[in-house]
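The values are calculated or read from the model by the stated rules, or taken from the named source; none is laboratory data. Because the structure is a prediction, the values reported are computed rather than measured. Here the Cβ positions follow ideal geometry from the backbone for every residue, glycine too, while neighbour counts run over all protein chains shown. Heavy atoms of the whole protein, side chains included, go into the accessibility calculation; ligands, DNA and RNA do not. Shrake-Rupley method; radii C 1.70, N 1.55, O 1.52, S 1.80 Å.
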Amino acid sequence: MSLSVSSSDLRILVLTDLYPPQCIGGYQVACQRVVDGLRTRGYTLIVLTSRFGLEKSLRDGHVWRELRYNLAPMDTNWGVLGLLLRELHNQIVLRRALRAIQPNLVFVWSMWGLGMALLVTIQQYGFPMLYYVHDNWLASGYYDDPWFCYWRHAPSHSIKRWAKYLIYHLL
């Protein structure tokens, strides 16, 4: 897919874990500055981010705070069920956004706490992706992601094997 379109025709979906004012530091501030800069040049950008710090989802102009953020990805208070519910929610939100926006490009920033399977979905949809990386989230994210860890390990009990089989075939 060629990106040789005018700025007014280019639709960019920005995918990031946090976005100001909900932010931890420089990564999110840099993302906001790039988004603001591209928007002033006439590009259409939608930021899809987590609803971290909010009770419920919120769409405020070009910022859609709808993804569920897991502050401690390895926290197993809800176990596999909680992990499954979070992943399903985030997959549904992402797929709706991709269909609604039909982006020419998905600009991926930090994915900590969101689940790396979202990147696989974007790839399966065939949208070009651009990654902004200045730390190790991309390399360690696949290794540490609880969803991928769940699928890497064989269940020890027959009920868990059956449940994993069902989940696999439902998704």
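Close amide H partners of L10, meaning residues 5 or more places away or on another chain with modelled amide H under 5 Å apart, are T44.
Each label was represented as a point 7 Å from its Cα along the Cα-to-Cβ direction; for E55 and R39 these points are 2.6 nm apart. When peptides 31-40, 84-93 are sorted by average Cβ neighbour count within 10 Å, with the highest value leading, the order is 84-93, 31-40. Here T44 sits with roughly 60 square angstrom of accessible surface, probe radius 1.4 Å.
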